[in-house]
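Heads up: the structure comes next, in structure tokens.
The values are calculated or read from the model by the stated rules, or taken from the named source; none is laboratory data. Because the structure is predicted, anything quoted here is derived from the model rather than measured. So basically every Cβ, Gly included, is an ideal-geometry build from the backbone, and we count neighbours across all protein chains shown.
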């Protein structure tokens, strides 16, 4: 048993817990949809959480855990912007949130952006004259 604390100390501290965003969804978003949390930092973005919409007594709500940067580089850190994408609608929420640390964070979402068009990109082969 004495080896376990030494093992934990050798590996460093555990990663920070996630922030849990929740709240109402915009009109037109139904229950049972996946919602992705996308964190942006500067010019890059990273998918940092997958949640779901559910029906409750007041309508449709969402909940999604957004992991910390210590769990996956580019994810939640103080001041980073969190965007929400509704997979079934293929639409981003027009509202964003700011990651401010672990724990619950209520953010009611009020609007949807234009529907995104998926693009399929197939592999390409080039022949440059050398074999």
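Filter the range 48-58 down to residues that are surrounded by fewer than 19 Cβ atoms within 10 Å (Cβ to Cβ) and modelled with pLDDT of 95 or more and give me whichever is farthest from residue 32 (Cα to Cα). For the range 48-58, the residue satisfying everything is 50.
The set of residues from the range 83-107 being in a strand (DSSP E or B) and within 13 Å of residue 19 (Cα to Cα) comprises 97, 98, 103, 104, 105, 106. Within the range 25-45, the set of residues being crowded, with 18+ Cβ neighbours inside 10 Å and assigned to a strand (DSSP E or B) comprises 35, 37, 38, 39. Taking the range 57-82 as the range and being under 14 Å from residue 105 (Cβ atoms) and outside any loop (DSSP other than H, G, I, E, B) as the test, the residues that pass are 61, 62, 63, 64, 65, 66, 68, 76, 81, 82. If you go through the range 70-94 and keep only what is within 19 Å of residue 41 (Cβ to Cβ) and surrounded by fewer than 16 Cβ atoms within 10 Å (Cβ to Cβ), you end up with 70, 71, 72, 73, 78, 79, 81.
Within the range 11-59, being touching a residue at least 60 places away in the same chain (Cβ under 8 Å) and under 11 Å from the mean Cα position of the chain (by Cα) holds for 18, 19, 20, 21, 39.
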